[in-house]
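Everything on this sheet refers to the single structure shown next.
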Amino acid sequence: MTRRDDGMLQMLRSLLAGSHVMSFEQLPSRVAEEASAAGFDDVRVYLGDLQRDVLRLLTGEGPDAAQWTGDAQAEMPVEGTVAGRAYQYGQIVAAAGGDDAYQTWWVPLLDGTERLGVLRVTNAQDGDGDGLHEDMLTLASVVAMLVVSSRDTSDSHARLTRVKAMNVAAEMQWTLMPPRTYADDRVIIGAALEPAYEVGGDAYDYAVAGDTIHFSVFDAMGHDTSAGLTANLAVAACRNHRRQGTPLDQLGDRIEQVLMEQFGHSRYVTGILADLDTRSGILTWVNHGHHPPIVIRGGRWSTLLKCPPSHPMGTDLDLPTVVCNEQLEPGDRLVLYTDGITEARIGGNEFGLAHFIDFLVRHHSDGLPVPETLRRLIRALLQHHDQHLQDDATILLCEWFGAQPRTIKVVAPQAGVPLPSEVPLPSDRGCRQGAGAGLPALR
């Protein structure tokens with residue numbers, strides 16, 4: 001065992017042993033202290049904000065754990081920075097500058113495939129190439145685990161990762177919903193929701209059970225706290241009855257029953273409830289008064305999945321529930337969304353369905369990771385709407401790889417996950433530019 005290997009093992013043992021009683025505020029100092037044993041002279045943790053626009057330094061000091069008087073940058077934008085590039089593409093990036101003795105790296109910080117932020121790692125220039133990069137990825141994985149294990153009990157984490165005040169409905173929604181990125185050897189899932197700090201009645205959910213993946217998107221009546229309560233109750237009712245084995249054709253009725261017991265006829269939600277069999281690629285779904293799902297095929301063509309809709313859940317209109325099926329092909333992207341995506345309007349111009357699909361197609365062609373594509377979609381939507389949405393906008397996207405499980409080398413680029421053997425991006429690398437694409441055909 002080399003001296004570096006021995007130092008890495010000592011670091012991992014110390015951090016894992018201390019993790020059981022480590023607070024969020026203690027994390028940066030403990031990581032820096034233990035990482036020095038592995039030859040990392042300076043390690044600093046930057047976490048992304050809720051909207052994935054800025055990276056903020058975690059110091060452990062002050063009410064937001066970000067009080068800093070040293071020489072490190074306290075906050076950096078994701079756009080146009082070397083650190084942001086590591087965050088966007090999920091790859092190690094060498095920092096510009098430095099001297100003959102030390103090199104600084106930016107390393108993506110990931111919880112599975114959910115982007116948390118980046119590590120700033122400085123070490124002596126005599127590092128051992130690929131072994132050094134693998135050690136940095138190992139360190140980043142441990143730090144991500146420490147962040148995730150301590151953030152749910154930390155108000156400091158919430159303050160650090162927010163750039164403005166959040167309303168009560170958004171506080172409920174973000175606590176309820178699953179991570180915005182998930183991937184395994186069969187699928188990759190990405191989600192986005194705006195306005196992040198003023199969510200009203202939108203919510204999304206997904207869950208894996210063996211070979212089946214469930215998806216649901218809800219849009220509750222209204223844009224206030226009551227709408228948030230309605231959406232939260234719909235998600236909870238969906239999960240509760242789904243986990244009891246309620247079939248898809250009855251799931252909407254069970255959700256409606258729960259809503260009516262609580263609200264009578266005063267509140268309702270539209271939604272899509274869907275199951276994907278990852279062995280066969282058969283998608284099964286029910287439409288409860290919602291916009292139809294979209295399938296993007298071959299990175300170019302798109303189709304609306306039409307299905308006779310039942311009534312919105314909570315209206316008690318007693319319309320029949322029709323279960324529809326679609327055979328997906330490997331590489332197909334399923335897209336569920338709410339009307340705030342397509343009907344966002346500035347002046348007299350909507351963002352529009354064609355523009356929405358075109359954006360997804362073009363950025364897929366660019367080879368961007370799914371979470372980065374959705375981050376850029378939300379930025380484009382906000383820019384179109386002068387940074388102020390009049391309705392919630394939610395998107396849930398799933399790409400099915402096919403019946404044969406894919407290797408990590410196939411999944412990683414699409415999920416934005418670094419591989420140990422990859423060559424780090426140089427610091428002067430520009431953002432990839434894709435060729436333009438025409439409006440996709442709606443078949």
Quarter of the surface of the C-alpha convex hull for the chain, i.e. direction-averaged projected area in nm², equals 22.3
Just order 247-253, 137-143 by mean Cβ neighbour count inside 10 Å, highest at the front, would you? 137-143, 247-253
Averaged per residue, the 1.4 Å probe accessible area of the chain, protein heavy atoms only, in Å², is roughly 42
Hey, got the dipole for region 265-409? About the Cα centre, +1 on K and R Cβ, -1 on D and E Cβ, debye to the nearest 20? 520
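At a 1.4 Å probe radius, carbon and sulfur cover how many percent of the accessible area of region 15-164?
On the way: 2760 of 6100 Å².
It is 45 percent, rounded to a whole number.
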Could you give the distance between the Cα centres of region 368-383 and region 23-43, to the whole Å? 33
Over all alpha-carbon pairs of region 268-379, lay out the pair-distance distribution in 10 Å bins, whole %, shortest bin first. 13, 38, 36, 13, 1
Which percent of the accessible heavy-atom area of region 257-341 goes to carbon and sulfur, probe 1.4 angstrom? 52
P(r) tail for region 76-208, what percent of Cα pairs lie past 23 Å? 45
Report the normalised scattering of region 56-115 as log10 I(q)/I(0) at q = 0.16, 0.28 Å⁻¹, calculated by the Debye formula with identical scatterers on the alpha carbons. -0.64, -1.16
Positive-end residue of 322, 360, 336, charge dipole of region 305-374 with Cβ unit charges: 360
At 0.36 nm per residue, minus the direct Cα-Cα distance, what do residue 41 and residue 261 gain on full extension? Give it in nm, one decimal, please. 73.2 nm
About its Cα centre, what dipole magnitude does the chain give when the only charges are +1 on Lys and Arg Cβ and -1 on Asp and Glu Cβ, stated in debye to the nearest 20? 660
Two pseudo-spin positions, 7 Å from Cα along C-beta at residue 74 and at residue 408, lie apart in nanometres by 3.8
Rounded to the nearest 20 Debye, what is the dipole magnitude of region 161-272 about its Cα centre when Lys and Arg each give +1 and Asp and Glu each give -1 at the C-beta? 240
For region 126-273, convex hull volume per residue from C-alpha positions, Å³: 154
Probe 1.4 Å, all protein chains in place: accessible area of residue 379 in Å², nearest 10? 100
Give me the one-decimal nm value for the distance between modelled label points at residue 343 and residue 383, 7 Å along each residue's Cα-to-Cβ direction. 2.5
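The values are calculated or read from the model by the stated rules, or taken from the named source; none is laboratory data. Just so it is clear, the model here is predicted, and its values are computed rather than measured. Note that each Cβ is placed from the backbone with ideal geometry, even for glycine, and that neighbours are counted across all protein chains shown. Just so you know, the surface numbers come from the protein's heavy atoms only, side chains and all, with ligands and any DNA or RNA stripped out. Shrake-Rupley method; radii C 1.70, N 1.55, O 1.52, S 1.80 Å.
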